[in-house]
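The values are calculated or read from the model by the stated rules, or taken from the named source; none is laboratory data. Everything quoted here is computed from the prediction, not taken from an experiment. Note: ideal-geometry Cβ built from the backbone for every residue, glycine included; neighbour counts use all protein chains shown. SASA here: full protein model, heavy atoms, side chains in, ligands and nucleic acids out. Shrake-Rupley method; radii C 1.70, N 1.55, O 1.52, S 1.80 Å.
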Amino acid sequence: MNATRFLHTMIRVTDPDATVRFFNLLGLEERRRMENEAGRFTLIFLGVPGDEGGEVELTYNWDPEEYGGGRNFGHLAY
């Protein structure tokens, strides 16, 4: 039997530093950060310290964009 494993959920953010601070208040820590100059975006992965389980992925698009109507939610990855 194959076990399905939750990897992460992705949300788009407009202020990555403030968003990381918010998740820090909830007890999550930054695990890794990847910047893609060609794609003009930054990915930040956060998780619970000591727990290698699922993560929160923050996607920051460098070019300003409106995220109304639920557009800030990206995906769930399994």
- Message: Give me the percent of accessible area attributable to carbon and sulfur for the chain, probe 1.4 angstrom.
- Response: 52
- Can you tell which of ASN2, PRO64, ALA38 lies farthest toward the positive end of the dipole of the chain, using +1 and -1 charges on the Cβ of basic and acidic side chains (Lys, Arg; Asp, Glu)? ASN2
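What does the charge count around ARG21 come to, taking other residues whose C-beta lies under 11 Å from its C-beta (Lys +1, Arg +1, Asp -1, Glu -1)?
-3
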- Spin-label point model (7 Å from Cα, Cβ direction): what's the PHE6 to TYR78 distance in nm? 1.2
- With everything on Cα atoms, drop me the angle between helix 16-25 and the longest principal axis of the chain, reported from 0 to 90° to the nearest 10. 40
- Message: At 1.4 Å probe radius, can you tell me the per residue accessible area of the stretch 23-78 in Å²?
- Response: 66
- Once Lys and Arg get +1 and Asp and Glu get -1 on their Cβ, which of HIS75, PRO16, GLY27 lies farthest toward the positive end of the dipole of the chain? HIS75
- Item | Size of electric dipole in the chain: Cβ of Lys, Arg +1 and of Asp, Glu -1, about Cα centre, debye, nearest 20 | 200
- Message: Can you say what percent of the DSSP beta bridges in the chain, counting only those with both residues inside, are antiparallel? Round to 5.
- Response: 75
